[in-house]
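K.L.:
This is the structure I want to talk about, given as structure tokens.
Derivation of every value follows stated rules applied to the coordinates shown; laboratory data play no part. This structure is a prediction, so every number in the text was calculated from the model and none was measured. A quick note on method: Cβ atoms are made from the backbone with ideal geometry, for glycine too, and the neighbour counts reach across all protein chains shown.
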Amino acid sequence: MINKSGASSFVQSSWKTNRTIGFVLITLSYLTALVIALIVFKNAGRTIWMNLFLADLAGTFVIWVSSLLLNNASVYDPYWSIQPIVILPLLMLHVGKIPTSSLLLCAVVILWGARLTINWISTFTGLHEQDWRYDQIKQQTGQLYPLINLLGIQLMPTLIVYACIIPIVFVILQSPDFTPLILPGLMISVIGVSLETIADRQMQDFRRKNLSKSALISEGLWKYSRHPNYLGEILMWWGVYLVCLASSPSVWMLGLGALLNTALFLFISIPLAEKRLAKYKEGFSEYQKQTRMLLPFPKKVH
């Protein structure tokens, strides 16, 4: 006979491991976040910039509450890529202008966001698992975890991505004339998206062929860069900034988002990942000596 607590635990674990239920609950969370964000944007009564910022914060808060209710901080994970591909097209519709520069920038962002979201969908297994970093933070912070979840896991990335899309928001609102000078920036962003796509595909293929968790990928882009996917993410937003700069050189300060994004990977994401990989990947220290951290060029080994 199964006692009540055992039955309750089984039912809970059963729905949390169900991939379809997980998708439905996360989708409902994001639709709720969108509705609340639109209400805030329409009724804040401030400038478009401030309304957009407050709406973004409101959406993040809804996802944070959902992550607490579902006991899984990874509910936030798709927000990184969904945020820009929702905000920017809706902003263009709100402004009522679709100049060439804005259209090209939004096309690149949608390509980036759709690829990243599809990659998240393909790796999502259910609400029973969350990012290993969140588990680590939860163990370290104890009762403060809900607050750390809001400030560190969710709010910080929201602010960084918002800072990254500010150059595009500027272009949409100012509608500068098209200039061929934006093409190098667009090309850098496209290269960034391509790097991420290729790197993720190579990693997925490697994992299918190598079931051992200790197996270390050192082929394709990963032969020359330990984090080619992160390099692609960094290039994506520097390219966006360069497009804005080519359109209006006087707004050079809008590069803060790209700078913060780069710092996030260099000083937080990559060190955390490499510290963890060194614990179970065979030959990782040798791989570090032979392979550059980001730039995919051959490295001289002394």
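K.L.:
Springs between alpha-carbon atoms under 10 Å, Gaussian network over the chain: tell me which of LEU259, LEU144, LEU242 tops the mean-square fluctuations.
P.N.:
Of the options given, LEU144 has the highest mean-square fluctuation.
K.L.:
Specify the residue with the greatest mean-square fluctuation among THR60, THR179, THR125, computed from a Gaussian network of the chain linking alpha-carbon atoms under 10 Å apart.
P.N.:
Answer for the Gaussian network model of the chain: THR179.
K.L.:
I would also like to ask the following. Report the normalised scattering of region 100-201 as log10 I(q)/I(0) at q = 0.10, 0.11 Å⁻¹, calculated by the Debye formula with identical scatterers on the alpha carbons.
P.N.:
Treating every Cα as an identical point scatterer, log10 I(q)/I(0) equals -0.43, -0.52.
K.L.:
Order by neighbour count: LYS42, LYS223, fewest other Cβ atoms within 10 Å first, most last.
P.N.:
LYS42, LYS223
K.L.:
Give me the number: length gained by fully extending SER212 to THR32, i.e. 0.36 nm times residue separation minus the C-alpha to C-alpha distance, one decimal in nm.
P.N.:
Contour length minus the Cα-Cα distance gives 60.8 nm.
K.L.:
Over all directions, average the projected area of the Cα convex hull of the chain and note it in nm².
P.N.:
19.0 nm²
K.L.:
What lysines sit close enough to LYS299 to cross-link, taking a C-alpha to C-alpha distance under 30 Å and skipping anything fewer than 8 places away on the same chain?
P.N.:
Correct list for LYS299: LYS209, LYS213, LYS223, LYS275, LYS279, LYS281, LYS289.
K.L.:
If you average 1/r over every pair of different alpha-carbon atoms in region 63-115 and take one over that average, what Kirkwood value in Å do you get?
P.N.:
That comes to 12.4 Å for region 63-115.
K.L.:
If you average 1/r over all unlike Cα pairs in region 167-300 and invert the result, what Kirkwood radius do you get in angstrom?
P.N.:
Result for region 167-300, one decimal place: 16.4 Å.
K.L.:
With an 8 Å Cα cut-off and a minimum separation of 6 or more residues, compute the relative contact order for the chain in percent.
P.N.:
18 percent
K.L.:
Which one, ILE268, ILE165, ILE48, has the greatest fluctuation when you compute a Gaussian network model over the chain with C-alpha springs under 10 angstrom?
P.N.:
ILE268
K.L.:
Which stretch or stretches of region 102-137 have amide N atoms under 18 Å from the point lying 7 Å from ARG201's Cα along the Cα→Cβ direction?
P.N.:
Those under the cut-off are 111-123.
K.L.:
Same structure again: Per-residue ellipticity at 222 nm for the chain, helices alone: DSSP H runs ≥ 4 residues times -39500 (n - 2.57), over residue total, nearest 500 deg cm²/dmol? It would help to have the intermediate numbers written out before the result.
P.N.:
Working: 13 runs with 208 residues, N = 302.
My calculation for the chain gives -23000 deg cm²/dmol from helical runs alone.
K.L.:
Pop the C-beta distance of SER122 and THR179 into the FRET formula with R0 = 51 Å and round what comes out to the nearest 0.05. Write down the numbers at each step before the final one.
P.N.:
Numbers: r = 38 Å, r/R0 = 0.74.
For R0 = 51 Å, the calculated efficiency reads 0.85.
K.L.:
Find out how many positive minus negative residues lie around LEU52, taking Lys and Arg as positive, Asp and Glu as negative, among other residues whose Cβ is under 15 Å from that of LEU52.
P.N.:
So the environment of LEU52 carries a net charge of +1.
K.L.:
Still on this model: How big is the C-alpha Rg of region 41-139 next to the rule-of-thumb value 2.2 N^0.38 Å, as a ratio?
P.N.:
Computed over Cα atoms of region 41-139, the ratio equals 1.28.
K.L.:
Can you give the extra length, in nm with one decimal, that the chain gains between LYS223 and THR100 once fully stretched, where that is 0.36 nm per residue apart less the Cα-Cα distance?
P.N.:
Residue separation times 0.36 nm, minus the Cα-Cα distance, leaves 40.5 nm.
K.L.:
Taking the C-alpha atoms of region 236-302, how large are the radius of gyration and the largest Cα-Cα span, Dmax, in Å?
P.N.:
16.6, 50
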